[in-house]
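Report on the structure given below.
The values are calculated or read from the model by the stated rules, or taken from the named source; none is laboratory data. Just so it is clear, the model here is predicted, and its values are computed rather than measured. A quick note on method: Cβ atoms are made from the backbone with ideal geometry, for glycine too, and the neighbour counts reach across all protein chains shown. Surface accessibility is based on the protein's heavy atoms, side chains included, excluding ligands, DNA and RNA. Shrake-Rupley method; radii C 1.70, N 1.55, O 1.52, S 1.80 Å.
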Amino acid sequence: MPTLQFSKKDLEGLVGKKFTQTQLEDALLFVKGEVDKVEGDRITLDVKETNRPDLWSVEGVARELRARLGREKGIPKAKFGKPLVEVIVDQKSTTARACASAAVIKNAKITPEFLEQIIQLQEKIAQTFGRKRKEVALGLYEFDKITPPIYYKGFSPNEKRFKPLDFEQELSLEEILEKHQKGKEYGHLLRGEKKYPLWIDSKEEILSLPPIINSEKTGRVTLATKNVFIEATGNKQELVDTAVMVMALAFAERGAQVHQVKIKYGKKTIITPRLENKKISL
């Protein structure tokens, strides 16, 4: 079960309501949440809802509580800006993790509380919804350090080198699997493939080796970050689209502007993220 940590004051600010401890515990039942620990302003929450990744951050919890408490009515709405960039998927070389989804975030205000939630949500999506990165891995980058269009394509294990996150030297893709901590942990998801997938921009700057690790140059979001590129890769379009949508909506809750991205699979083009209503017959 996902376990979340967040600031009570931060949640109250997002909901627009202050809670006593009893009121908060009662309200959190709407997200199937049980308060595990309270340490001053810090809340540790066990969320029993495993089918709703949108509830695995304080932004999603706040969105749900606003509706349940009558502060907002109707289906939640989000306005997405027109696509700013294209992602070109090389279908011939990306036989591993062939599906991609993306979004661009503009004018984000990343506070310490929000940065904690971004990291937490990314990890929860990858570990739980993404089945330990097998089905979905999610990456965030400094968009201002990227030169579009952005490519998602495969390379042989020793064809490219880059400096992975928290590493001081460049490594080949194969060396990353052997030497980097994340490569040792998740390398089995790529081993045996003739081509390893890379996110790479138009200036040949490598963004990441999914689902293993981002690059040191572009793959770190900080308090100074204003514009963000979000991507997800996996084996099913629906799942990677959901991952990007959940993360993008967390930024939208904080007042950032979400822009869609054109994902080009050869002659086929899709737009992500997409927020669509569905009709269900009962």
Open item on the list: If Rh is defined by the Kirkwood formula over all Cα pairs and Rg also comes from Cα, what ratio Rg/Rh do you get for the stretch 4-109?
Closed with: 1.10
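With a 10 Å radius around each residue's Cβ, average the other Cβ atoms per peptide and rank 58-66, 152-160, highest first. Each step should come with its number before you reach the end.
Numbers: 58-66: 23.3, 152-160: 17.2.
Result, highest mean Cβ count within 10 Å first: 58-66, 152-160.
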Open item on the list: Please list 3J(HN,Hα) in residue order for the stretch 7-21, calculated via the Karplus relation 6.51 cos²θ - 1.76 cosθ + 1.60 where θ = phi - 60°; whole Hz, with x for glycine and proline.
Closed with: 8, 4, 5, 5, 4, 4, x, 6, 7, x, 7, 8, 10, 6, 4
Task: For the chain: span of alpha carbons on each principal axis (Å, largest first) - done: 58, 39, 39
Task: Spin-label pair LEU84/LYS37, simplified geometry with 7 Å Cα→Cβ offset, distance in nm - done: 3.8
Open item on the list: Using the basic label-point model (7 angstrom from Cα toward the beta carbon), what is the THR22 to THR269 distance in nanometres?
Closed with: 5.9
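Please give the length that would be gained between GLN237 and GLU185 if that part of the chain were fully extended, namely 0.36 nm times their separation in residues minus their C-alpha to C-alpha distance (nm, one decimal).
On the way: separation 52, 0.36 × 52 = 18.72 nm, distance 2.45 nm.
Computed gain between GLN237 and GLU185 is 16.3 nm.
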Task: Under-5 Å amide H pairs with TYR151, H placed in peptide plane, nonlocal only - done: ILE88, ILE200, ASP201
- [ ] Averaging over all projection directions, find the projected area of the Cα convex hull of the stretch 178-267 and quote it in nm² with one decimal place.
- [x] 7.9
Task: Protein accessible area in the stretch 46-156, 1.4 Å probe - carbon and sulfur % - done: 48
- [ ] Please determine, in degrees from 0 to 90 and to the nearest 10, the orientation of helix 112-124 with respect to the longest principal axis defined by the Cα atoms of the chain, where the helix direction is its Cα long axis.
- [x] 70
Task: Nearest-ten-degree value, helix 58-68 long axis tilted from longest Cα axis of the chain - done: 40
Task: C-alpha long axis of helix 237-253 to longest principal axis of the chain, angle in ° - done: 50
TODO: Give the Cα extents of the stretch 139-218 along the principal axes, in whole Å, largest first.
DONE: 31, 25, 19
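Leaving out ligands and nucleic acids, and using a 1.4 Å probe, what accessible area per residue does the chain come to in Å²? Numbers along the way, then the final one.
Values: 14180 Å² over 282 residues.
Accessible surface, normalised per residue, equals 50 Å².
With an 8 Å Cα cut-off and a minimum separation of 6 or more residues, compute the relative contact order for the stretch 17-145 in percent.
Working: 78 pairs, mean separation 20.7, N = 129.
Relative contact order of the stretch 17-145: 16 percent.
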- [ ] Could you tell me the distance between the Cα centroids of the stretch 67-89 and the stretch 129-205, to the nearest Å?
- [x] 29
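I'd like the carbon and sulfur percentage of the solvent accessible area for the stretch 178-232, probe radius 1.4 Å, heavy atoms only, ligands and nucleic acids excluded.
On the way: 1140 of 2430 Å².
Within the stretch 178-232, the accessible surface is 47 percent carbon and sulfur.
Would you work out the relative contact order for the chain, in percent, from Cα pairs under 8 angstrom that are 6 or more residues apart? The partial results should precede the final answer.
Values: 583 pairs, mean separation 73.2, N = 282.
With pairs under 8 Å counted, the relative contact order is 26 percent.
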Open item on the list: Per q in 0.12, 0.15, 0.19 Å⁻¹, report the Debye log10 I(q)/I(0) for the stretch 49-124, using one uniform scatterer on each alpha carbon and no solvent.
Closed with: -0.55, -0.82, -1.12
Task: Solvent-accessible surface (1.4 angstrom probe) belonging to HIS259, in square angstrom, nearest 10 - done: 20
Task: Label-point separation, GLU205 to SER281 (7 Å along Cα→Cβ), nm - done: 5.2
